[in-house]
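Below is one structure, written out as structure tokens; the observations come after it.
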Amino acid sequence: MKVEFYKHHLNEDDKKACLEVLDSYFLTTGKVVNDFEEKFANYMQTKYAVGTSSCSNSLFLCLKYYGIQANDEVITTPMSFVATANAIERCGAKPIFVDVEKDTGNLDMEKVEAAITPKTKAIIPVHLYGQMCDMKRLKAIAEKHQLPIIEDACHAFEASREGIRVGQLGDAACFSFYATKNMTSGEGGAVVTNDASLKDWLSKARQHGITKSAADRYGKTYQHYEMHFLGYKANLNNIQAALLINQLDRIEDYAVQRAAIAKRYDAAFAENPYIECPQALPDSKHARHIYTIWVNPLHRDEILGKLQEKGVGVAINYRPIHLMHYYREKYAYQTGQFPNTERIGDSTITIPFYPKLENVEIDYVIKIVNEVTSNLGSD
Ligand SMILES: *Cc1c(COP(=O)(O)O)cnc(C)c1O
């Protein structure tokens, strides 16, 4: 049997909406993007959403809005996809890593304040695997030091913690519609915010800093555009928005389906002494983006290989960013600096986890994971 690591859930409605755009003459950013932005902001319970080309660019644009530049420092987590820290590097600023909590993998708020210096200009928390960071605590720290919070919310569309959603305490929350995310158009992204001035800036910055989009220019009467500042090219297009817009009607159903699969995995691995799982907090609605198990670091790669041999799709989320060649070389990071992050990085294995998983596939994954982790070095 082969269980794919990921299968998207795009359906006939999504294809139909996409075909309607292809049959129209307007493929780039236009009405469908506007409609999607409105619906997405409504779902996220924020005032605004701006469609972009990726979360990477969303993070970068938000940092630019807050003026992040060379010699600035931005606090973030080393337990994330490299895109999070790379956005800071792209501004010429320095990512200041703070270790994560050992049980959740989320930024350890106890350690954030000690990392703040006069050079600190922003904080980027990541809601790892779909469970929110302690945003109340982070907000209090950020307010005290007058720092903007830009949430990397790629894993956390559906999450809440103590009644607070992503994007509500942060100044901005950034999302990705990359191929394996909970909502997808293959590639794409968005920023949600309650700040009208950030929203206005982003709408221009994603299109070279010009004042009128193509949709505005080709309306009833041609309108000249002005360029007020040097922007970028990072817009979401109508084809992507068409694929996304109906997924919002199903996103909560998918979250329920993933939660049910998580429950089965949890129960099946609870008795296995060779597996630990990240802690799910009681006061939190976990968006359950990916399911990772933690195994003995000494055997992780062996287990990884065996799972793959038996047809179980696997991934690593994540190897610590500070130990990636580029960061290690540039900032002389060493093993041992962020022990909780490194422990997770060395022990984690992500297994197949998506609404389309069939019962027989779930049973197979459980059987193989339990077998492989329990019979190490026996063949
Ligand atoms: C996927 C992901 C990103 C990057 O998203 P793109 O849209 O591919 O740029 C950034 N951060 C996290 C935590 C992610 O999972």
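The values are calculated or read from the model by the stated rules, or taken from the named source; none is laboratory data. What you see is a predicted model; the values in this text were computed from it and never measured. In this analysis, Cβ positions are derived from the backbone assuming ideal geometry, glycine residues included, and neighbour counts consider all displayed protein chains. Just the protein is used for accessible areas: all its heavy atoms, side chains included, with ligands, DNA and RNA removed. Shrake-Rupley method; radii C 1.70, N 1.55, O 1.52, S 1.80 Å.
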Legend entry - Computed [θ] at 222 nm, helices only, for the chain once each DSSP H run of length n ≥ 4 contributes -39500 (n - 2.57): -12000 deg cm²/dmol
Legend entry - Sequence of E302, E342, E271 from largest to smallest accessible area, 1.4 Å probe: E271, E302, E342
Legend entry - Relative contact order %, the stretch 262-349, counting alpha carbon pairs below 8 Å whose residues are six or more apart: 31
Legend entry - Selected from P320, P339, P273 as most flexible by GNM, with the chain as the system and alpha-carbon contacts under 10 Å: P273
Inset, instruction - Run a plain Debye calculation on the stretch 110-158 (Cα atoms as equal point scatterers, no solvent) and give log10 I(q)/I(0) at q = 0.13, 0.15, 0.22, 0.31 Å⁻¹, rounded to two decimals, same order as the q list. - result: -0.30, -0.40, -0.79, -1.24
Inset, instruction - May I ask for the net charge around H155, where only other residues with Cβ less than 14 Å from the Cβ of H155 are counted and Lys, Arg are +1 while Asp, Glu are -1? - result: +3
Inset, instruction - Give the accessible area for Y274 in Å² (nearest 10); use a 1.4 Å probe, count only protein heavy atoms, and leave out ligands, DNA and RNA. - result: 120
Inset, instruction - Pull up all non-local amide H partners of Y291: gap of 5 or more, or a different chain, and H-to-H distance under 5 Å with H placed in the peptide plane. - result: I351
Legend entry - Candidates S185, S24, S160: whichever shows maximal mean-square fluctuation once the chain is modelled as a Gaussian network with Cα springs under 10 Å: S24
Inset, instruction - Tally the DSSP beta bridges in the chain and give the antiparallel ones as a percent, rounded to 5. - result: 60
Inset, instruction - Could you pull out every residue, at least 5 positions away or on a different chain, whose amide H is within less than 5 Å of the one on R161? Hs are placed 1.01 Å off N in the peptide plane, and Pro or chain starts have none. - result: K285
Legend entry - Residue pairs, from the table K119/K285; K94/K285; K121/K144; K47/K102; K16/K220; K7/K39, whose Cα atoms sit over 23 Å apart: K119/K285; K94/K285; K47/K102; K16/K220; K7/K39
Inset, instruction - Determine one quarter of the surface area of the Cα convex hull of the stretch 226-312, which equals its mean projected area, and express it in nm² to one decimal. - result: 11.3
Inset, instruction - Note the per residue figure in Å³ for the convex hull of the C-alpha positions in the stretch 246-379. - result: 156
Legend entry - Solvent-accessible heavy-atom area per residue, rounded to whole Å², over the stretch 258-370 at 1.4 Å: 49
Legend entry - Quarter of Cα convex hull surface for the chain, i.e. mean projection, nm²: 19.7
Inset, instruction - Please label the shape of the stretch 146-248 as rounded, prolate or oblate, based on the square roots a ≥ b ≥ c of the eigenvalues of the alpha-carbon gyration tensor (a/c under 1.5 means rounded; beyond that, a/b larger than b/c means prolate, else oblate). - result: oblate
Inset, instruction - Whole Å is fine, so just give me how far the alpha carbon centre of the stretch 118-157 lies from that of the stretch 1-77. - result: 20
Inset, instruction - Would you work out which of S203, Q240, T184 lies farthest towards the positive end of the dipole of the chain? Charges go on Cβ: Lys and Arg +1, Asp and Glu -1. - result: S203
Inset, instruction - Would you mind counting up the charge near E4? Only other residues with Cβ under 12 Å from its Cβ, with Lys and Arg at +1 and Asp and Glu at -1. - result: +1
Inset, instruction - Could you check how much of the accessible area of the stretch 1-128 is carbon and sulfur, as a whole percent, using a 1.4 Å probe? - result: 52
Legend entry - Summed side-chain charge close to V256 - residues other than V256 whose Cβ falls under 12 Å, Lys, Arg +1, Asp, Glu -1: +2
Inset, instruction - Work from the charge dipole of the stretch 155-222 (Cβ charges, +1 for Lys and Arg, -1 for Asp and Glu, about the Cα centre) and give the residue of F175, Y218, G163 farthest towards its positive end. - result: Y218
Legend entry - Residues with amide H under 5 Å from that of T29, placed H, sequence gap 5 or more: N238
